[in-house]
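To start, the structure under review is shown below, and the notes come after it.
The values are calculated or read from the model by the stated rules, or taken from the named source; none is laboratory data. Quick caveat, the model's predicted, so the values are computed rather than measured. Positions of Cβ are backbone-derived with ideal geometry, glycine not excepted, and every protein chain shown enters the neighbour counts.
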Amino acid sequence: MLTSVKEMCQKAKAGHYAVAQININNLEWTKAVLNTAQELNSPVILGVSEGAGKYMGGFKTVAAMVKAMDAELGITVPVALHLDHGTYEGAYKCIEAGFTSIMFDGSHYDIEENVAKTKEIVKVCHEKGISVEAEVGSIGGEEDGVVGAGEFADPKECKMIADLGVDILAAGIGNIHGKYPANWPGLSFETLDAIQQLTGDMPLVLHGGTGIPDDQIQKAIKLGVAKINVNTECQLVFAEATREYIEAGKDREGKGYDPRKLLKPGYDAICAKVKEKMEWFGSIGKA
């Protein structure tokens, strides 16, 4: 049975570890994440961007697949199905589809409109037991065509959004989506600390977990980060493992490849990457 992220992130903050959000893109991805989380006795969040949801046949298709797989695999660790960087319209579609957690990304609105829309979505979600993540200060890089420059969130605006009753808060502290450039200056822990001082017990979220050095990850967790998103690294290892398999020409049968064999190296690569991240984030054995 799927759950919201509220309790798992509250426990993570209190226990000084972070729960991994692994974005899923297909059946193999989902199965790899669920099986690895179960093996490691770790809570996990399955992130779904609007682009990935469309690719997989729509949000209702994704929710049905995840719920059925969670039951068929006998998963007992806490699992949340979470809309990642959702639009206002996308949030309502995922509420209807049966997602257990919603990220409404209102960071591109002015603060007044962000507050109004976030407040509305919080009310609707909480009536249904769905958790809400909000964002202040856009995250840098590009994901599903959404481009941000990596802003530093205003701590006072973070408190305004936190006070609306959201369950977790994503705040820009110089983090970006995708690969980090060689001249990336690192996370702004001064900004993170200032946000933490004003938002108190609110679990904070670090987007763009790919490529952030382990020492910065650990410091961010100490300063209140309880959820860390990973997507690009999983995409890279999945693609590389599949490419190597094709180039090796293994198991070529007749006119093509058996797709189950073709995608197995990618599945194994995802399992290994998820395990690595859960070790980094300290969530193993915390279910």
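Things to note:
- In segment 87-102, residue farthest from the chain's Cα centre (by Cα) [restricted to those that are buried (at least 22 other Cβ atoms within 10 Å of the Cβ) and either β-branched (V, I, T) or at pLDDT below 95 (or both)]: T100
- Boolean, G47 is at negative phi, assigned to a helix (DSSP H, G or I), surrounded by 18 or more Cβ atoms within 10 Å (Cβ to Cβ) and of a type outside the set (A, V, I, L, M, F, W, C): no
- Positions within segment 222-249 being more than 25 Å from A171 (Cα to Cα) and in a loop (DSSP other than H, G, I, E, B), in sequence order: G249
- From the options A63, A80, A52, residue that is closer than 27 Å to S107 by Cα, within 15 Å of the chain's Cα centre (by Cα), small (G, A, S) and assigned to a helix (DSSP H, G or I): A52
- Applying the condition of being in contact (Cβ under 8 Å) with a residue 60 or more places away in the chain and touching a Phe, Trp or Tyr at 6+ places or on another chain (Cβ under 9 Å) to segment 183-217 and asking which residue is farthest from K277 (Cα to Cα) yields G208.
- Top-ranked residue in segment 6-33 [being aliphatic (A, V, I, L, M) and touching a helix residue (DSSP H, G or I) at 6+ places or on another chain (Cβ under 6 Å); ranked as nearest to M56 (Cα to Cα)]: I24
- The single condition from (1) farther than 18 Å from K227 by Cα; (2) modelled with pLDDT of 80 or more; (3) surrounded by 22 or more Cβ atoms within 10 Å (Cβ to Cβ) that G148 fails is (2).
- Residue within segment 256-266 that is at pLDDT 95 or above, buried (at least 21 other Cβ atoms within 10 Å of the Cβ) and at negative phi present: yes
- Residue list for segment 83-98, restricted to those being aliphatic (A, V, I, L, M) and in a helix (DSSP H, G or I): A91, I95, A97
- Residues of segment 191-209 that are assigned to a loop (DSSP other than H, G, I, E, B), surrounded by fewer than 24 Cβ atoms within 10 Å (Cβ to Cβ) and small (G, A, S): G200 alone.
- Looking only at residues in segment 103-143 that are loosely packed, with under 14 Cβ neighbours inside 10 Å and acidic (D, E), the one that is modelled with the lowest pLDDT is E142.
- Filtered residues of segment 14-35 (kept if buried (at least 22 other Cβ atoms within 10 Å of the Cβ) and in a helix (DSSP H, G or I)): W29, T30, A32, V33, L34
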